[in-house]
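This report concerns only the one structure given below.
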Amino acid sequence: MPSTSAFTTSPTESLRAGPDVDLASVLAQSTPGFPGGKKMGQIKLAEESAQLSELQAKLFAESRFGGESSLLVVLQAMDTAGKGGIVRHVVGAVDPQGVKHYAFKAPTAAEKRHDFLWRIKKQLPGAGMIGVFDRSHYEDVLIQRVRGFAEPAVIEERYGAIRDFEAALVASGTRIVKIMLHISPEEQKKRLADRLEHEDKHWKYNPADLDERELWAEYQTAYQLAIERTATPDAPWYVVPADRKWYARIAVQQLIIDALQDMQLSWPPATFDVAAEKARLAQS
C-alpha cells in the first residue's frame, strides 16, 4: 500500500497537458495522484526539499566543469493563484546562487520597440542555473489576446515563434517545464477578500485584479489555446490544480525534481588524488 506522503502517480504524468487538453474539465480543488491531506502534503514538501536541493547542487556543480545544462520553470496563472508561494516554499529551498528568478511586468516603452521575445531572452538561465519566470513570454498570447492589444493574426504568429524559441532552447541544453496554476474563480474571490480584510496584505491587493476577474472566461479560453498551440514533447505544459496551496506546492516541487532527475546529473569527478590529499591533510 503506498505511503500517504507519496504520490501514487507522479504529477509529471497526471498533470501533463497536451494539445488535446480540456481546461474546463480540470477541477481546481482536486489533488491528482496524492492520497494524503494537507498535513501529509506539508510533510512531503519538507522531506523532498533536501532531494531538490541536492539535485540543484549537482546541476550547478556540473556547470563549473563544462556542463551546459539548465532548467527553466515557467509559472503562469490568474492573480492570487500562488506563484509567489511556489517561489518561496519550493524554489526557496535550494541554494539561491543557483537560481535566477525574474517576474515579468508589462513591457516598457523601450521593450516594445523590440520583438516580444527580446526581453525574455535577456533573462534566460545560464549553464547550471534553475531559471524561474513569474509570468513570461506567454503574457503576449494571453493578456494581449484577451485585451485585444494585438491582432488575432499576430497572436497566431506568436504561437509559432514560441514553439521555435522553446525548441531552440531545448536543443541548446535548457530543460523547460511550463506550469499553469489552475485556480477557480470562487477560490480567487476568497483570496482577494482575505487581502482586503488584513492590513498586512493590503500591499498585495491591486484594484485592477477585479477588472481582470471580469474577463475570467476569456482568460480561460486564452490559456486553453496557448496550451493547445505550444505543448510539445520537449516543452510540455502541466496544469496544476491550485485551490489547495499545499497541493500546488508539492506538485510543482515534484515536477522540478522529476525534470532534474531526468537530466541524469552527477557530481563532477575529482581532478586530484583524493587519497593523497587526505594523507596530506592528516599530516598538516
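The values are calculated or read from the model by the stated rules, or taken from the named source; none is laboratory data. Note that this is a predicted model, so its numbers are computed, not measured. Every residue, glycine among them, receives a Cβ derived from its backbone with ideal geometry; neighbour counts consider all protein chains shown. The area values use the complete protein model at the heavy-atom level, side chains included, leaving out ligands, DNA and RNA. Shrake-Rupley method; radii C 1.70, N 1.55, O 1.52, S 1.80 Å.
Being in contact with a His (Cβ under 9 Å, 6 or more places away or on another chain) and over 15 Å from ARG244 (Cα atoms) narrows it down to one of LEU23, LEU52, so name that one.
Details: LEU52 fails: in contact with a His (Cβ under 9 Å, 6 or more places away or on another chain).
From the options LEU23, LEU52, the qualifying one is LEU23.
Looking only at residues in the stretch 34-57 that are open to solvent by 40 Å² or more (accessible area, probe 1.4 Å) and of a type in the set (Lys, Arg), the one that is farthest from ALA251 (Cα to Cα) is LYS39. Criterion applied to ALA153, ALA127 was being small (Gly, Ala, Ser) and free of Cβ contacts under 8 Å to residues at least 12 places away in the same chain, and the one residue passing it is ALA153. Pairing residues of the stretch 55-73 that are of a type in the set (Phe, Trp, Tyr) with residues that are open to solvent by less than 20 Å² (accessible area, probe 1.4 Å), at Cβ distances under 8 Å and at least 6 apart in sequence or on separate chains, gives PHE60/GLY98; PHE60/GLY128. Taking each residue of the stretch 218-230 that is over 13 Å from ASP140 (Cβ atoms) and in contact (Cβ under 8 Å) with a residue 40 or more places away in the chain and looking for partners that are assigned to a helix (DSSP H, G or I) and of a type in the set (Gly, Ala, Ser) with beta-carbon atoms closer than 9 Å, six or more apart or interchain, yields GLN220/ALA24; GLN224/ALA24. Filtered by the rule that a residue be more than 26 Å from ALA248 (Cα to Cα) and either exposed (fewer than 15 other Cβ atoms within 10 Å of the Cβ) or β-branched (Val, Ile, Thr) (or both), the stretch 86-144 gives THR108, ALA109, ALA110, LYS112, ARG113, HIS114, ASP115, TRP118, LYS121, LYS122, GLY126. Summed over the stretch 112-150, the residues that are of a type outside the set (Val, Ile, Thr), part of a loop (DSSP other than H, G, I, E, B) and more than 16 Å from VAL170 (Cβ to Cβ) give a count of 13.
Just checking, does the stretch 245-267 include any residue being hydrophobic (A, V, I, L, M, F, W, C) and under 25 Å from ARG147 (Cα atoms)? No; the residues of the stretch 245-267 include none that is hydrophobic (A, V, I, L, M, F, W, C) and under 25 Å from ARG147 (Cα atoms).
Of ASP262, ASP273, which residue is under 17 Å from the mean Cα position of the chain (by Cα) and over 21 Å from GLY36 (Cα atoms)? From the options ASP262, ASP273, the qualifying one is ASP262.
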